[in-house]
Amino acid sequence: GVQPTPVVHARAHITDIVPTVLDLMGVPIGPRDAAAPVLRGRSLRPAIVGEVSEVYGPTDAVGIEVAGNAALYRGPYKLVKGTPPLGDTNWRLYHIVDDPGETKDLTDTHPELAKEMRAEYEAFAADVGVISMDVSYDPTRQIYINSIRAVLERNRWLLLGVLLGGLGLVG
């Protein structure tokens with residue numbers, strides 16, 4: 001019969017997809033040079049094939065940012081900031097192994113760790129060029145604006161024809 005595929009419990013981040021696929025294809029992922037794109041992840045191949053149980057160590061930090069929402073993962077901890085309408089822009093610290101639902105903010109009980117991780121996030125943000133969003137930034141509104149612009153751009157000649165036809169200038 002077919003053997004079930006074992007579950008791999010190693011931490012993984014979206015940035016690990018490209019390095020993992022390249023590694024599985026046999027494409028060398030060597031030192032970065034000026035001509036090569038910067039890969040911000042790690043190959044998960046060693047964990048997938050059972051060589052290691054984790055590809056990230058307890059002090060390895062991984063930052064992410066999406067539309068003003070931000071997080072930094074390090075070991076069992078996650079420092080996170082959510083933006084309105086669902087968040088309040090305050091940084092919170094969670095032990096995501098003991099508290100996977102992120103219900104107990106540890107910022108007050110571990111202020112030095114929160115400060116260290118915040119500094120690591122700021123270094124990540126500077127390195128990748130994160131642009132700080134104004135507190136009034138609404139990602140949902142921006143998605144609507146971008147969608148309307150895209151539709152108008154793709155259909156500008158049709159819309160111009162309809163407008164000119166409506167004005168009786170073409171017909």
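If I compute semi-axes √(5λ) of the Cα gyration tensor in Å from the structure I just sent, which labelled value in [x] 25, 19, 17; [y] 28, 21, 16; [z] 40, 26, 17 lines up? The value matching this structure is [z].
Calculate, for the chain, the solvent-accessible area per residue in square angstrom, rolling a 1.4 angstrom probe over the heavy atoms of the protein chains.
Per-residue value: 70 Å².
For region 16-127, relative contact order (Cα pairs under 8 Å, six or more residues apart, normalised by length) works out to 15 percent. Label region 79-127 by shape, choosing from rounded, prolate and oblate, from the square roots a ≥ b ≥ c of the eigenvalues of the Cα gyration tensor; if a/c is under 1.5 it is rounded, and otherwise prolate applies when a/b is larger than b/c, oblate when it is not. Oblate, since a/c reaches 1.5 and b/c is not below a/b. Leaving out ligands, DNA and RNA, what percent of the accessible area of the chain is carbon and sulfur, probe 1.4 Å? Ligands and nucleic acids excluded, carbon and sulfur reach 61 percent.
Can you tell me how much longer the chain between residue 155 and residue 130 gets when fully stretched, taken as 0.36 nm per residue apart minus their C-alpha distance, in nm with one decimal? Each step should come with its number before you reach the end.
Working: separation 25, 0.36 × 25 = 9.00 nm, distance 3.23 nm.
Between residue 155 and residue 130, full extension yields an extra 5.8 nm.
Gain on full extension, evaluated as 0.36 nm per residue between residue 38 and residue 103 minus their Cα-Cα distance, stands at 19.9 nm. Under a Gaussian network description of the chain, with springs only between Cα atoms under 10 Å, the residue in 82, 63, 26 that fluctuates furthest is 26. Within the listed set 156, 45, 11, the Gaussian network model of the chain (springs between alpha-carbon atoms below 10 Å) gives the highest mean-square fluctuation for 156. The 3J(HN,Hα) values that the Karplus relation (6.51, -1.76, 1.60; θ = phi - 60°) gives for region 40-54 are, in residue order, 9, x, 10, 6, 8, 3, x, 6, 5, 8, x, 6, 9, 9, 9 Hz. Gly and Pro appear as x.
The values are calculated or read from the model by the stated rules, or taken from the named source; none is laboratory data. No experiment lies behind these values; they were computed from the predicted model shown. Surface accessibility is based on the protein's heavy atoms, side chains included, excluding ligands, DNA and RNA. Shrake-Rupley method; radii C 1.70, N 1.55, O 1.52, S 1.80 Å.
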